[in-house]
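Just so you know, all these numbers are worked out from the coordinates, no wet-lab data involved. These figures come from a predicted structure and were not determined experimentally. Ideal geometry is used to build each Cβ from the backbone, glycine not excepted, and the neighbour counts take in all protein chains shown.
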Amino acid sequence: MTNQQLIIVGFMGSGKTTVAREVARRLNRAVIDLDDFIRTSTGRSPAEIIQQDGEPGFREIETRLLDEALQQNSAAVIAAGGGAWTIPENRRLISKVGARTVWLDAPFELCWKRIQANEETRPLAPSIEATEQLYQNRRPVYELADMRIAIADGDSVVEVAARIVDLVTQSRNREP
Ligand code: S3P
């Protein structure tokens, strides 16, 4: 199957948005950033929604818009928000359309460094302790992704995207 969505998953700060853009460029596909799609569709950022409606309210919106994004473009590269893949209903929607998933497995220290450097508010990363706990809790779920890319501090976006394109191309070649 050549027209399959590719979903980039991973913790906050793992580089999903920038890597998804570069992968999409290389594969000549459209790119959808789920957090941006939420922003444009609702007029509020994920952080604002979490702060105003609580996390469960945010997850409902996220699932609805993930579904819409999956229906909208059958070949897009989609950067998911850090929690999207951890919700069973979202994993079901992703598997239903036959999309493939890549986990950007970045060390916690790197994610935390980027979370702190970024001016974007992340209500689910309030302190280093709580964030590391969340990171550890989520790892077994990220492991359910089809492919894993180990990210080290210093890896460039171009390098990571090239590795993903290689993986995607190889696994496609193995398909009957
Ligand atoms: C979240 C990550 C955020 C955003 C929301 C919730 C999470 O996206 O979707 O704040 O649960 O990890 P990024 O991973 O792009 O920061």
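Would you mind counting up the charge near VAL158? Only other residues with Cβ under 13 Å from its Cβ, with Lys and Arg at +1 and Asp and Glu at -1.
Local net charge: 0.
Just rank PHE37, PHE11, PHE58, fewest to most, by other beta-carbon atoms within 10 angstrom.
On the way: PHE37 19, PHE11 28, PHE58 24.
Ordered by Cβ neighbours within 10 Å, fewest first: PHE37, PHE58, PHE11.
Of the chain, which part is the longest with no GluC sites (Glu not before Pro) in a loop (DSSP not H, G, I, E, B) and with at most 13 other C-beta atoms within 10 angstrom?
Result for the longest clean stretch: 1-118.
Quick one: work out the % antiparallel among DSSP beta bridges in the chain, nearest 5.
For the chain, the DSSP antiparallel bridge percentage is about 0.
Residues in segment 47-72, backbone N under 19 Å from the label point at LEU144 (7 Å along the Cα-to-beta-carbon vector): list them, ranges by number please.
56, 59-68, 70
Can you sort LYS96, LYS113 by how many other beta carbons sit within 10 Å, fewest first? Don't skip to the end; give the middle numbers.
Working: LYS96 10, LYS113 14.
In order of increasing Cβ crowding within 10 Å: LYS96, LYS113.
Quick one: what Rg and Dmax do you get for the chain from the alpha carbons, in Å?
15.3, 48
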